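Asks: Questions regarding the structure given below will be posed in turn.
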Amino acid sequence: MIPFIGQNFGAGKFGRILEARRFTAAFASLYGLLVFALFFVTAPFLAGLFSSDPAVTTVLIRYLRIVSLGYGMMEVNRYCGFFLIGIHKPFAASCLTFIRLAVLLIPLSYLGARFWGLTGLFVGRVTSDLLSGAIGWTWTGRVAKKLPTNHRSQ
């Protein structure tokens, strides 16, 4: 995505950049929901492939059913970073990654684990993925509005 965004940014084809932003976010979201549904349904089977120990499979099932809910938005966040890099804003992309990891993932996972144990850790992780995807989408939306409007339809 970075080369595509960068090439179109250099060529002044901002409409293609905006279309790619929308398409990749929609793809990531839909794919993420599909993976979540698949993991939710098949979690017991998948866990059984890794262990026959009920304690282990219980944890893995819980992990798959909770954390996979955020996979799509985690990818939206990643694609938003690619968008920012492609339009020559690598510092903003780094800030987006920092927000996901240092501001959201570590504190929310820690707090979740501290107060609600392993399930809280998983919920902290999925919450950070959902929030970071929303932050990335909002941030890049604001940046996208500042792109020149005379080339948006190209």
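The values are calculated or read from the model by the stated rules, or taken from the named source; none is laboratory data. This structure is a prediction, so every number in the text was calculated from the model and none was measured. Glycine also receives a Cβ, built like all others from the backbone with ideal geometry; neighbour counts cover every protein chain displayed.
Asks: Return the pair list, or none, for Cβ contacts closer than 8 Å from residues in the stretch 106-120 that are basic (K, R) to residues that are modelled with pLDDT of 95 or more and part of a helix (DSSP H, G or I), at least 6 apart or on different chains.
Replies: R114/G120
Asks: Answer yes or no: is there a residue in the stretch 36-58 that is in contact with a helix residue (DSSP H, G or I) (Cβ under 8 Å, 6 or more places away or on another chain), in a helix (DSSP H, G or I) and touching a residue at least 40 places away in the same chain (Cβ under 8 Å).
Replies: No: zero hits.
Asks: Output the number of the condition that L18 fails; it satisfies all remaining conditions of (1) in contact with a Ser or Thr (Cβ under 8 Å, 6 or more places away or on another chain); (2) buried (at least 19 other Cβ atoms within 10 Å of the Cβ).
Replies: In the conditions (1) in contact with a Ser or Thr (Cβ under 8 Å, 6 or more places away or on another chain); (2) buried (at least 19 other Cβ atoms within 10 Å of the Cβ), L18 misses (1) alone.
Asks: What number of residues within the stretch 95-127 are basic (K, R) and crowded, with 19+ Cβ neighbours inside 10 Å?
Replies: Here is the first cut: in the stretch 95-127, the ones basic (K, R) are 100, 114, 125.
Then drop every residue that is not crowded, with 19+ Cβ neighbours inside 10 Å, which leaves 100, 125.
Adding up the residues that qualify gives 2.
Asks: Of (1) closer than 17 Å to T127 by Cα; (2) crowded, with 18+ Cβ neighbours inside 10 Å; (3) not aromatic (F, W, Y), A43 satisfies all except one. Which?
Replies: A43 satisfies all of (1) closer than 17 Å to T127 by Cα; (2) crowded, with 18+ Cβ neighbours inside 10 Å; (3) not aromatic (F, W, Y) except (1).
Asks: A further question follows. When you go through G32, G81, G12, G72 one by one, which is the residue that is in contact (Cβ under 8 Å) with a residue 24 or more places away in the chain and in a loop (DSSP other than H, G, I, E, B)?
Replies: Numbers: G32 fails: in a loop (DSSP other than H, G, I, E, B); G81 fails: in a loop (DSSP other than H, G, I, E, B); G72 fails: in a loop (DSSP other than H, G, I, E, B).
One residue alone meets the criteria, G12.
Asks: Which of (1) in a helix (DSSP H, G or I); (2) surrounded by 14 or more Cβ atoms within 10 Å (Cβ to Cβ) does R142 not meet, given it meets every other one?
Replies: Result: R142 fails condition (2) only.
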